[in-house]
Amino acid sequence: MPLDERVRRGLREAARAVPDDAAVRLDEVHQRARSRARGRTLMNAFAAVLLLVVAVPLLAVLTPRAGNAPPASLAPSMSASKDPQGGLTGDYRVDLTRAGDPLAAAELAGPWRLSFVDDGSMLWAAPPGASISEDVIRDTYEASGSEVVLDLFSRTLCRGAGVGAYTVARSGRTLTFLAVRDACGLRRAVLQTAAWTRA
């Protein structure tokens, strides 16, 4: 018997030994494998989303950021202490409801709040209904004597304008700002239109 015939006979016998439903069983194995792969893909996607939801805010809180550091363009004469006399630290309020332009045109007229924190950061609240709100990264300030340099609104109203430098006059519970240099007109309007009162 030639070799080809023996190979054919062997293949036929081997084919008879395979159950009739082998193709169905093989399809079931492939479907289970695909189902497991889909399940792993969904679990991986869920894990990635969970990681983003938990890790990103945690990193934002724990990692020092350039936005939280005092502005790099501060004059070299500025003291390393954030508020050496303790004169600015505290909460202040001002009502700019009747401020007129540019605040009225930008829909920023109304009551404002500003807090100078002793770590060199600032918290602020715009009037109700204003189109801006405080950023996650706090604005910063550095005070020396009667001068304060700050990056207030640098990521919102004053994007690209840099820091502003002001002289500060204190009288009792009031605080008055006078711009020394500030390229941001809205920051100037918010700070120096009226005197701020310590809360």
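The values are calculated or read from the model by the stated rules, or taken from the named source; none is laboratory data. This is a predicted model, so every value here is computed, not measured. In this analysis, Cβ positions are derived from the backbone assuming ideal geometry, glycine residues included, and neighbour counts consider all displayed protein chains.
Residue check: is L114 within 22 Å of L96 (Cβ to Cβ), touching an Asp or Glu at 6+ places or on another chain (Cβ under 8 Å) and in a strand (DSSP E or B)? Taking the combined requirement at face value, the residue satisfies it. Selection of first residues in the range 155-176 that are farther than 13 Å from Y92 by Cβ and assigned by TED's automatic domain parsing to the domain that holds A189 and of second residues that are assigned to a strand (DSSP E or B) and of a type in the set (D, E), restricted to Cβ pairs under 6 Å at least 6 apart or on distinct chains, gives the following pairs, ordered by first then second residue: T167/E147. For the range 103-143, what are the residues that are touching a strand residue (DSSP E or B) at 6+ places or on another chain (Cβ under 8 Å) and on the phi > 0 side of the Ramachandran plot? Within the range 103-143, G110, G120 meet the criteria.
On inspection, L152 passes the criterion of being closer than 17 Å to D119 by Cα and within 27 Å of the chain's Cα centre (by Cα). Quick one: is R138 closer than 15 Å to F116 by Cα, surrounded by fewer than 22 Cβ atoms within 10 Å (Cβ to Cβ) and over 15 Å from the mean Cα position of the chain (by Cα)? In short, no. Would you mind stating whether G87 is at pLDDT below 90 and touching a strand residue (DSSP E or B) at 6+ places or on another chain (Cβ under 7 Å)? So G87 passes the test. Residues of the range 135-152 that are under 24 Å from R181 (Cβ atoms) and in a loop (DSSP other than H, G, I, E, B): D135, I137, R138, G145, S146, D151, L152. Within the range 153-177, restricting attention to residues that are of a type in the set (G, A, S) and part of a strand (DSSP E or B), which residue is surrounded by the fewest Cβ atoms within 10 Å (Cβ to Cβ)? Step by step, filter the range 153-177, then rank; the result is S171.
Report whether or not T193 is touching a residue at least 12 places away in the same chain (Cβ under 8 Å), in the same structural domain as D101 (by TED's automatic domain parsing) and either among the aromatic types (F, W, Y) or more than 22 Å from I132 (Cβ to Cβ) (or both). In short, no.
Being under 15 Å from R98 (Cβ atoms) and surrounded by 20 or more Cβ atoms within 10 Å (Cβ to Cβ) is the filter here; which residues of the range 183-199 pass it? Of everything in the range 183-199, those that are under 15 Å from R98 (Cβ atoms) and surrounded by 20 or more Cβ atoms within 10 Å (Cβ to Cβ) turn out to be A189, V190. Screening V180 with (1) within 18 Å of D95 (Cα to Cα); (2) in a strand (DSSP E or B) gives one miss only, at (1).
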